[in-house]
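Chemist: Take a look at the following structure, please.
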Amino acid sequence: MSETKPHIVGIGNALVDVVAPVGHDVIDRHGLTPGGMHLVEAEAAKALFAEVAPGYRQSGGSVANSIAHMTGNELRATYLGKIAADDLGGTFREEMDGMGIAAPVKDGPEDGIGTGHCVVLVTPDGERTMSTHLGAAVTLSPSDIAAEHFEGCDILFIEGYLWDAPHGPAVIETAAGYAKSAGARVALTPSDPGCVERNRDGMLGFIADHADILIGNHVEIGALAEQDDTAAALQWALDRVSVAAVTEGENGSLVSDGGEPVRIDAALVTEIVDSTGAGDAYASGFLSGLARGLDVAESGRIGAGLAARVLGHFGAREGAAARAIKLSAA
């Protein structure tokens with residue numbers, strides 16, 4: 001009976017968030033800017049992790065977060081990415097398995113490249129400083145993707161960050177080909193304005209050839225459309241795909257399947273604690289609604305509700321890692 005459930009496949013950079021309460025001296029010693037996000041090389045990542053491990057761990061990555069929100073009885077969810085055969089890779093695999101998500105993630109090459117991770121350093125003043133090493137995530141290759149992953153697939157969800165990986169464009173083309181052969185729609189999130197700037201031509205070509213659904217915030221979609229106005233960016237998207245959703249934070253979102261755009265109000269949040277992962281949650285709800293046959297307005301409302309839940313706590317997901325961000329670094 002489970003085979004009749006709508007099936008969403010996500011593909012992206014598989015990461016593990018490691019949250020560690022520390023003193024300010026750790027930030028200084030590793031040459032990090034307090035409150036900043038840093039993309040670091042392997043040696044720097046290894047030195048920092050060795051000092052703060054084990055920390056509080058939680059699987060992460062943009063589309064991985066979206067897929068994680070799809071747990072439940074109404075959908076099947078599959079996540080494709082790449083980890084290493086190490087402790088953090090085990091964390092990623094076990095956590096996905098525990099949520100009932102099929103995650104046939106591949107182990108990376110045995111050359112010392114570890115599982116991609118983001119170390120979140122929390123100082124006593126509550127400031128969060130992030131150090132990210134993509135690690136094995138960027139070794140994902142077309143040979144890691146198989147037609148069997150897309151059996152019964154209704155929607156394939158791709159993150160734009162994949163274009164930054166060496167084999168990323170080929171991986172994306174391979175996955176889209178399998179998804180289309182399975183009769184699935186292909187959804188894309190641009191991920192980040194900087195990612196759009198680096199890969200705009202590739203994304204535009206992919207949208208023209210494969211994409212059916214575009215979802216992202218007004219800055220990301222605006223960067224693709226070269227438009228500052230949200231309504232204009234949405235219309236640009238609808239000239240190229242059949243369904244689009246453009247979020248605007250507290251102003252809600254605009255959604256359409258080719259008809260008159262519908263304004264979806266942001267769901268009520270008593271206190272905005274942290275915006276990390278809110279867009280991932282919105283995408284999860286929106287795509288889940290579409291996969292279940294709901295219209296774009298109802299799907300948008302589901303997305304808004306999930307985003308509001310994420311805004312109410314630290315981190316992209318609930319759990320020990322999110323709660324640990326509140327801890328003092330005593």
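Chemist: Using modelled amide H (1.01 Å from N, peptide plane; none on Pro or chain starts), what sits under 5 Å from the amide H of G61, excluding residues fewer than 5 places away?
Modeler: L15
Chemist: Right, something else. Which whole-Hz ³J(HN,Hα) couplings does the range 5-16 yield from phi under the Karplus relation 6.51 cos²θ - 1.76 cosθ + 1.60, θ = phi - 60°, glycine and proline marked x?
Modeler: Couplings: 6, x, 10, 10, 10, x, 9, x, 7, 7, 10, 10 Hz.
Chemist: What size of dipole, in debye to the nearest 20, comes out for the range 222-282 about its Cα centre when the only charges are +1 on Lys and Arg C-beta atoms and -1 on Asp and Glu C-beta atoms?
Modeler: 180 debye
Chemist: Suppose every K and R has +1 on its Cβ and every D and E has -1 on its Cβ; what is the size of the dipole of the chain about the Cα centre, in Debye to the nearest 20?
Modeler: Working: 21 positive and 46 negative charges, 107 e Å.
So the magnitude is around 520 debye.
Chemist: Let me ask another. Say a site is exposed when it is one of the trypsin sites (Lys or Arg not before Pro), sits in a DSSP loop, and has at most 16 other Cβ atoms within 10 Å; what is then the longest site-free stretch of the chain?
Modeler: Numbers: sites that count: R240, R292, K326.
Formally, the longest exposed-site-free interval is 1-239.
Chemist: Now for a different question. Cα centroids of the range 69-143 and the range 183-219: how far apart, whole angstrom?
Modeler: Centre-to-centre distance over Cα atoms comes out at 22 Å.
Chemist: Something else now. Using only DSSP helix segments of four residues or longer, with each worth -39500 (n - 2.57), what per-residue ellipticity at 222 nm results for the chain after dividing by its residue count and rounding to 500?
Modeler: Value at 222 nm, helices only: -11000 deg cm²/dmol.
Chemist: Amide H neighbours of R185 under 5 Å, counting only residues 5+ apart in sequence or on other chains, H built in-plane at 1.01 Å?
Modeler: HN-HN under 5 Å from R185: I155, L156.
Chemist: Fewest Cβ neighbours within 10 Å first, please rank E159, E95, E250 accordingly.
Modeler: So the residues, fewest neighbours to most, are E250, E95, E159.
Just so you know, all these numbers are worked out from the coordinates, no wet-lab data involved. Quantities reported herein were computed from a predicted structural model and do not represent experimental measurements. Virtual Cβ from ideal backbone geometry, glycine too; neighbours counted across all protein chains shown.
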